[in-house]
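Participant: Got a structure here, written out as C-alpha cells. Questions coming.
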Amino acid sequence: MRALIYTRETDQGVSPATPDPSAIAADLIVRIEGRSNYAIVHTKDGKAHLIAKGLCALAKQLPTFWRVHKSHLINPHYVAGSVSSVRAKALLRLTTGFSVPVSRRQRAAICARLNPLSFL
C-alpha cells in the first residue's frame with residue numbers, strides 16, 4: 001500500500017508544510033485538488049489536508065490515480081459515475097457526492113476507462 005506524505009491538520013484548519021510530516025494511505029484519498037504549487041487532499045472521512053506539492057509531483061507519486069483535469073487528480077475506486085451537464089461540460093460523480101470536471105482532452109480516455117459504452 002502506498003502512502004502520501006502530507007501535513008498535519010490543526011484546529012485552525014490546514015497548515016502548510018511542517019517539520020513533522022505524517023503519512024496517509026492512498027486508498028483513503030478520494031481526490032486531490034490542485035491550487036498553484038499546493039494541493040488539497042480530500043480523504044474518505046471528509047477531511048482536507050494541504051500539501052506543499054503540485055499535482056504533477058503527486059501524480060508521479062500516485063500512479064494509479066487519474067488526472068482528469070488540470071486541477072484534479074482522482075482515485076478511480078471512488079468514481080460513482082459520469083454526469084453530462086449543459087454546454088457539453090463533462091463531470092465525474094464521486095461516491096462522496098462531489099462532482100469533478102473532466103477536461104475536453106481527457107474526456108475520451110476517461111470514458112474508455114469507465115465503460116466503452118458510456119458517453120461523457
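Participant: Give the residues of region 27-53 that are of a type in the set (A, V, I, L, M, F, W, C) and either touching a Leu at 6+ places or on another chain (Cβ under 8 Å) or at pLDDT 95 or above (or both), sorted by residue number.
Facilitator: Those that are of a type in the set (A, V, I, L, M, F, W, C) and either touching a Leu at 6+ places or on another chain (Cβ under 8 Å) or at pLDDT 95 or above (or both): Ile29, Val30, Ile32, Ala39, Ile40, Val41, Ile51.
Participant: Anything in region 36-49 that is surrounded by fewer than 12 Cβ atoms within 10 Å (Cβ to Cβ) and touching a residue at least 24 places away in the same chain (Cβ under 8 Å)? List them, or say none.
Facilitator: Answer for region 36-49, where residues must be surrounded by fewer than 12 Cβ atoms within 10 Å (Cβ to Cβ) and touching a residue at least 24 places away in the same chain (Cβ under 8 Å): just Gly46.
Participant: Which condition number in (1) more than 23 Å from Arg107 (Cα to Cα); (2) part of a loop (DSSP other than H, G, I, E, B) is the one that Leu50 fails?
Facilitator: (2)
Participant: Which condition from (1) modelled with pLDDT under 50; (2) surrounded by fewer than 12 Cβ atoms within 10 Å (Cβ to Cβ) is the one that Ala17 breaks?
Facilitator: The number of the failed condition is (2).
Participant: Residues being under 11 Å from Ile29 (Cβ atoms) and within 10 Å of the chain's Cα centre (by Cα): count how many of those fall in region 41-57.
Facilitator: Qualifying residue count, region 41-57: 3.
Participant: Same structure again: Please pick out the residue among Leu94, Leu58, Leu62, Leu114 that is of a type in the set (A, V, I, L, M), closer than 24 Å to Ala23 by Cβ and free of Cβ contacts under 8 Å to residues at least 60 places away in the same chain.
Facilitator: Leu58
Participant: Another one. Within region 54-109, considering only strands (runs of 3 or more DSSP E) that don't extend past its boundaries, which have at least 1 residues that are surrounded by 14 or more Cβ atoms within 10 Å (Cβ to Cβ) and at pLDDT below 90?
Facilitator: Result: 79-84, 90-94.
The values are calculated or read from the model by the stated rules, or taken from the named source; none is laboratory data. Keep in mind that this is a model prediction, so the values were computed, not measured. Methodologically, a virtual Cβ is constructed for each residue, glycine included, from the backbone with ideal geometry; neighbour enumeration extends over all protein chains shown.
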